[in-house]
């Protein structure tokens, strides 16, 4: 059975995406699943969407992906005053103007949830996948854990927070095999937060974050990958996007 690389929140960061793809292949991944927010913030939305499509296009809808349709319909001036200096709004405007019609159409039809071998994925959560509420702790993970009980495979993988974390059923337990790898029992719901490829928010560690999942052994690994952050930050500045978006990769 395939080992699956789970990548969330690429945010148009092509250097990070390419580095993670290469690292995932080295680690034995032969299938890629994307947890949403391909676009936004970064300099290369079209190239990142194209790369995701080349890798099979298994992807769920993220909140930035949803927002692109509205921006394309209303135009940049519909985003609101001062959008040019706001990293979120400027990233959306840049993406809306960069995507080809085919890429935009593909992005708009993404599902909000997707079943994968040994589990399921959504961008933010499973209990309200179109609402994009954050899973930040055991309490906010609880509604999704309750939904996972009714899934055939009870492991759920999510992004959105840009942080890696694991929230197992409080009445069960996972087995940590080392500091990054853990085994998830088949009969126990578990929430796994994949982190962010393109805009991680871990304190003092801005490496690209993602998850490697082996559905046969039910072992997940929290992975980090070095990439050329200086190049990605310079790409953002060269695209005319706010300097704050570049600084977020370096601080």
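(1) under 23 Å from residue 126 (Cα atoms); (2) modelled with pLDDT of 95 or more: which one isn't true of residue 236, the others all being true?
Single failed check for residue 236: (1).
Give me the residue from segment 25-77 that is more than 17 Å from the chain's Cα centre (by Cα), in contact (Cβ under 8 Å) with a residue 24 or more places away in the chain and under 18 Å from residue 101 (Cβ atoms) and, out of that set, surrounded by the fewest Cβ atoms within 10 Å (Cβ to Cβ).
Looking at the filtered set, the residue picked out is 69.
Residues in segment 29-74 that are under 24 Å from residue 191 (Cβ atoms) and in contact with a strand residue (DSSP E or B) (Cβ under 8 Å, 6 or more places away or on another chain): how many? Give the steps one after another, and end with the answer.
Of all residues in segment 29-74, those under 24 Å from residue 191 (Cβ atoms) come to 29, 31-38, 40, 52, 58-66.
From what's left, in contact with a strand residue (DSSP E or B) (Cβ under 8 Å, 6 or more places away or on another chain): 29, 31-36, 38, 52, 58-60.
Counting residues in segment 29-74 that are under 24 Å from residue 191 (Cβ atoms) and in contact with a strand residue (DSSP E or B) (Cβ under 8 Å, 6 or more places away or on another chain) gives 12.
Could you check, for segment 62-76, whether at least one of its residues is closer than 25 Å to residue 244 by Cα and assigned to a loop (DSSP other than H, G, I, E, B)?
Scanning segment 62-76, I find at least one residue that is closer than 25 Å to residue 244 by Cα and assigned to a loop (DSSP other than H, G, I, E, B), so the answer is yes.
Residues that are out of contact with any helix residue (DSSP H, G or I) (no Cβ under 6 Å at 6 or more places or on another chain) and more than 21 Å from residue 149 (Cβ to Cβ): find the strands (runs of 3 or more DSSP E) completely inside segment 173-222 holding 3 or more of those.
Values: elements: 181-183, 190-194, 208-214.
Filter on segment 173-222 gives 208-214.
The values are calculated or read from the model by the stated rules, or taken from the named source; none is laboratory data. Please read all numbers here as calculations on a predicted model, not as lab measurements. Glycine also receives a Cβ, built like all others from the backbone with ideal geometry; neighbour counts cover every protein chain displayed.
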